[in-house]
1. List the number of the failed condition for Leu19; all other conditions in (1) at pLDDT below 95; (2) in contact with a helix residue (DSSP H, G or I) (Cβ under 7 Å, 6 or more places away or on another chain); (3) of a type outside the set (Val, Ile, Thr) hold.
2. When the residues of the stretch 1-21 are filtered to those that are surrounded by fewer than 14 Cβ atoms within 10 Å (Cβ to Cβ) and hydroxyl-bearing (Ser, Thr, Tyr), which remaining residue is farthest from Ile50 (Cα to Cα)?
3. Filter the stretch 62-74 for residues that are over 11 Å from the mean Cα position of the chain (by Cα) and either farther than 16 Å from Met1 by Cβ or surrounded by fewer than 12 Cβ atoms within 10 Å (Cβ to Cβ) (or both) and give the result.
4. Looking at Ile88, is it modelled with pLDDT under 95, touching a Leu at 6+ places or on another chain (Cβ under 9 Å) and part of a helix (DSSP H, G or I)?
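The values are calculated or read from the model by the stated rules, or taken from the named source; none is laboratory data. Just so it is clear, the model here is predicted, and its values are computed rather than measured. All Cβ positions, even for glycine, are placed from backbone atoms using ideal geometry, and neighbour counts span all protein chains on display.
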Amino acid sequence: MKLSFETLEKLLGSGKYHLLTDDETRLVYYPPDIGEASGEEGGPVRIMEITLKKEDDGYEIVKGLVKENEKVVKEISRDELELWLQFIEG
């Protein structure tokens, strides 16, 4: 399951995704927080974090996590990641 370089650039250009590189490469999606979405103040900060491995023809998707206030609340299944990738790659 691979994310193309072109799609990654499109995601990064949207301002909702950021690429973090340290010992791993991670694509992080920052949705509007619950407060922003509902018009109320406060609420937990939830992100989707996808670990990637760079290859010659794109990025291999290694795993995905949903984090809330920096704690893992869900591991994203391979099926869910494939569905997300199909949607993103269009």
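1. Unmet for Leu19, out of (1) at pLDDT below 95; (2) in contact with a helix residue (DSSP H, G or I) (Cβ under 7 Å, 6 or more places away or on another chain); (3) of a type outside the set (Val, Ile, Thr): (1).
2. Once the filter is applied, the top-ranked residue is Ser14.
3. First, the residues of the stretch 62-74 that are over 11 Å from the mean Cα position of the chain (by Cα): 62, 68-74.
The answer is Glu68, Asn69, Glu70, Lys71, Val72, Val73, Lys74.
4. The answer is yes for Ile88.
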